[in-house]
Amino acid sequence: MTIQEQKAVVVEKQRVVVDGVDISGHWNRMFEQRTIFEYTPEQIEAIASIAGAESFAYCYQCAKCVPVCPVDVVGNYGPRKLYRYAQTGVNLMESPELWLCTTCANCLRVCPKEVNMVEIMPAVREQAILQGKFVPPELQQAFENTAKTGNPLGQPQRKRDAWIAKADVPVPIIKDLGRPVEVLWYVGSYPSYHPRGVDAACAAARIFTALGIDFAILGKEEKDDADSQRLAGEKGLFEMLAEYNIATFNKYEWKEMVVTGPHELNAFKNIYPRYGFNRPVVHYTTFLVRYLDQLKPLLKHPVRKRVTYHDPCYLGRHNGEYEAPRLLLQAIPGLELVEMGRNRQNGYCCGGGGGGMWMDSFTAKHTRMRLSEKRAMEAASTGAEVLAVACPFEVSRFEDAMKSTGNEHVGVLDILELLDRSMRGEEAAEHPQPS
Amino acid sequence: MNIVVVLKHIPSVADELPVRGNQVDFDSVDFVLNEWDEQSLEQAALIKEALGGTVTAIGVDVIGELDNLLHLALAKGADRAVKIAADDAGADSHRQAKWLSEAIRPMAPDLVLVGVQASNDIDGQLGPLLAAYLDLPYIGVVSSIEVQDGTALMNKEFAGGFGARYSVRLPFVAGVQVAPKPPRYAPVSKIRQIAQTAKIEVLEPSGEADSGLVFRKVAPPVVSGHAEMIEGSPKEIAARLVALLKERGLA
């Protein structure tokens, strides 16, 4: 019998008197002896032998990671638990647990031993993929789409810049511009194709234009950053796109790159340097906050809403930006910012990171509720009317989660959309001019 | 089992097709694997998994980028990769079939699988022509090929939703409509690993064939009609729909 199969057998004597004291029934309840120390190191060694996953073996099971793990909040998870499963003979490579981690890095924040799931998971997943082990089909679809069309949504490359027709302002394409620009704006796949993402992209275009920023986009030359695909284990796909993107970025003269999404920020700022790309990249919140003085007079229309803000893991914990999004929200007249219990460094993950964006159905089978639903409920419990986000994965995730948890009354808006509403007035923003 | 799978590299229809002179401007389009060839490749891999044997992936290298497809085929389970270096982006089914037949004949295959058609010419002729050159039987529009004792059992689709089950003695050429399972995903990590070490056999095109067709004019289709977008409230839209259906005698 494996250790996992052992059940704790409870022994309880009906009648016991010790030194004249009656301890009958539950007073003398004890567990029968069982093996708790016998384990096999093979599975732990097998994981730790994979390049990048070495720190898995550092765990000394203090379990600080478990209560901060967003997956454990809605299920049964956490690095310490994965370590324990491995001790009892579970092969992580063939277990559904391999696909549940969102690489949100909250465990790493508290881990005294620096067991780094952000590196362990991609490394082990890559081996599982290469060895032909089970990979959630919906994730494979996202890989396949990215490989074939350059974006995980499977949309045609030639429509990558179709959204600009809805922006109400000219959005210059760097290739057509034929001159250097100050800012290269990397729009991203979801803002380019997803209907709600497009709303944020249009808002950004209007804000940049209103601020007089000299910007351009890559248009049809832009392809996915593939960072989440890397974290989900498809390093080859990531490298293929990184090579393409770096070559494309370097074709043009620009001073700084602004990205709409935190995952793109992470890719271009932290990972692409390994492939020879070392140019300045900032998230749009960090960028816009520099223009706060010019921005404030443009925010003419009050947005009288109670708003709470969700820290994206890859903007906050991974890249240390907590204040810029809040400063932008606080600059909007009439807006009241309230915090959720879990915020900033301890922000709760939306479930979209590390490939979770494309494993919702799979993850739902192994958790009590989706991480996005848990977070949507937290947002609703603050009494907020709007959940503000700063990651293109999140608008659709949280809008769905608000519906499925009965919180449709809470709107979900990107900070870009809120700024745009304040700039143009609610009515104009909700009924954009037909283009 | 000695299985040969034919891969066709064709212009991507996800892009707009630019026309130059009387031909597609092949320099301005991306080339992709014909989608039906993905099905025949999957079918070949499944037969190999069931019975053992070897899968040889072969194709005409029309633009000098076939290696990528051959690496993909190797990552999906092919054992051997062969390209016919033609550098002829406009090579039609007749010419490709002739070259392929010359290359495949010495391989003495038990089974040759081709995609039933390709979205560039949609003439579905590569399979029949190849079979004719190889002097082998051809069966097209098939799915779920199972091989047993020198005979293959498979489904064949006919128009109008009809289907039939065929039993054909090996060897033969089959035009695959669909594999019994969706094509497997080959991780790019694996493809890139394979690309480092894979050996691709290179053959020169051998033999001549001509479809006899001459392009007189190639032009994008002219948009002749427009869809009517019904606008308004759900009630107004419903009323308009009902009126339209009545008007056309459909309700």
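The numbers here are math on the coordinates, done by the rules we state, and not lab data. Note that the structure is a prediction, hence the values are computed from the model and not measured. In this analysis, Cβ positions are derived from the backbone assuming ideal geometry, glycine residues included, and neighbour counts consider all displayed protein chains.
Structure notes:
- Computed across the range B:2-203, the Kirkwood radius stands at 17.0 Å (inverse of mean 1/r, all Cα pairs).
- Between helix A:117-130 and chain A: long-axis angle, C-alpha atoms, 0 to 90°, nearest 10: 90
- Virtual paramagnetic centre 7 Å along Cα→Cβ of A:Asp400, amide N under 14 Å, in the range A:183-198: A:194-197
- Two-site FRET efficiency, A:Lys64 against A:Arg34, from Cβ-Cβ distance with R₀ of 22 Å, rounded to 0.05: 0.30
- Percent of Cα-Cα distances greater than 20 Å, calculated over the range A:182-256: 40
- Per-residue mean of foreign Cβ neighbours for A:232-240 is 4 (Cβ atoms of other chains, 10 Å radius).
- Counting only Cβ charges, +1 for Lys and Arg and -1 for Asp and Glu, the dipole size of the range A:150-289 around its Cα centre is about 120 debye.
- Fewest-first ranking of A:Arg306, A:Arg84, using other Cβ atoms within 10 Å as the exposure measure: A:Arg306, A:Arg84
- Rounded, prolate or oblate (a/c below 1.5 giving rounded, otherwise prolate when a/b exceeds b/c) for the range A:219-338 by Cα gyration tensor: prolate
- Taking the inverse of the mean 1/r over every pair of distinct Cα atoms in the protein assembly as shown gives a Kirkwood hydrodynamic radius of 28.9 Å.
- Cα-centred dipole magnitude for chain B, charges only on beta-carbon of K, R (+1) and D, E (-1), debye, nearest 20: 680
- Whether the range B:143-185 is rounded, prolate or oblate, judged on the alpha carbon gyration tensor where a/c under 1.5 counts as rounded: oblate
- Spatially proximal lysines relative to A:Lys305 (Cα-Cα < 21 Å; intrachain offsets below 8 disregarded): A:Lys296, A:Lys403
- The range A:296-430: radius of gyration over Cα atoms, expressed as a fraction of 2.2 N^0.38 Å: 1.03
- Close amide H contacts of A:Leu337 (hydrogens built in the peptide plane, cut-off under 5 Å, sequence separation of 5 or more or a different chain): A:Val307.
- Summarising the label geometry, the points placed 7 Å from Cα in the beta-carbon direction at B:Arg248 and B:Ala159 lie 2.2 nm from one another.
- For the range A:282-345 versus the range B:151-187, the inter-centroid distance based on Cα atoms is 57 Å.
- Isolated cysteines of the protein assembly as shown, defined as having no other cysteine beta carbon under 4.7 Å away, are A:Cys59, A:Cys62, A:Cys69, A:Cys101, A:Cys111, A:Cys202, A:Cys350, A:Cys391.
- A simple rule links phi to the HN-Hα coupling: the Karplus curve 6.51 cos²θ - 1.76 cosθ + 1.60 with θ = phi - 60°, which for the range A:244-251 gives 5, 5, 4, 4, 5, 4, 7, 5 Hz, with x for Gly and Pro.
- Acute angle (nearest 10 degrees) that the helix B:35-51 long axis makes with the longest principal axis of chain B, alpha-carbon atoms: 40
- Simple spin-label estimate for A:Arg290 and A:Thr209 gives 2.2 nm between the two label positions (7 Å along the Cα-to-Cβ direction from each Cα).
- Helix A:415-424 and the longest principal axis of the C-alpha atoms of chain A enclose an angle of approximately 30°.
- Greater than 23 Å apart at Cα, pairs in A:Lys148/A:Lys374; A:Lys235/A:Lys269; A:Lys81/B:Lys190; A:Lys7/A:Lys374: A:Lys148/A:Lys374; A:Lys81/B:Lys190; A:Lys7/A:Lys374
- Based on the reciprocal of the average 1/r between different C-alpha atoms, the Kirkwood radius for the range A:42-130 equals 12.6 Å.
- The H on the amide N of A:Asp225, modeled in the peptide plane, is under 5 Å from the matching H of A:Ser189, each at least 5 residues off or on a different chain.
- Listed peptides B:79-87, A:218-226, A:292-300 appear in the order A:218-226, B:79-87, A:292-300 once ranked by packing, highest mean of other Cβ atoms within 10 Å at the front.
- Full extension of the chain between B:Ile122 and B:Val19 gives 35.3 nm of extra length, using 0.36 nm per residue less the Cα-Cα distance.
- Peptide B:218-227 is shielded by partner chain Cβ atoms: per residue, an average of 0 of them sit within 10 Å of its Cβ.
- Interchain or long-range residues, amide H under 5 Å from B:Gly64's placed H: B:Asp87
- Highest-MSF residue in chain A out of A:Gly132, A:Gly236, A:Gly352 [GNM, Cα springs under 10 Å]: A:Gly132
- Working note: Karplus 6.51/-1.76/1.60 with θ = phi - 60° gives the range A:58-67 the couplings 6, 3, 10, 6, 6, 6, 4, 6, 5, x Hz, where Gly and Pro are set to x.
- Counting neighbouring beta carbons within 10 Å and listing from fewest to most, the residues A:Arg342, A:Arg15 come out as A:Arg15, A:Arg342.
- A Gaussian network model of chain A, with springs between Cα atoms under 10 Å, assigns the largest mean-square fluctuation among A:Val171, A:Val11, A:Val412 to A:Val11.
- Protection proxy ranking for A:268-276, B:121-129, using the average of other Cβ atoms within 10 Å per residue and placing the highest first: B:121-129, A:268-276.
- The range A:62-82 residues near the modelled A:Glu138 label - backbone nitrogen below 15 Å, point 7 Å along Cα→Cβ: none
- With a 10 Å cut-off around each Cβ of B:180-187, the average count of Cβ atoms from other chains is 5.
- Karplus-derived HN-Hα couplings along the range B:77-84 (A = 6.51, B = -1.76, C = 1.60, θ = phi - 60°), whole Hz, x at Gly and Pro: x, 5, 9, 9, 10, 10, 10, 9
- Exposure proxy ranking for A:Thr209, A:Thr308, based on other Cβ atoms within 10 angstrom of each Cβ and starting from the fewest, stands as A:Thr209, A:Thr308.
- Approximating the spin labels as points 7 Å out from Cα along Cα→Cβ, the B:Asp135-to-A:Glu182 distance works out to 7.7 nm.
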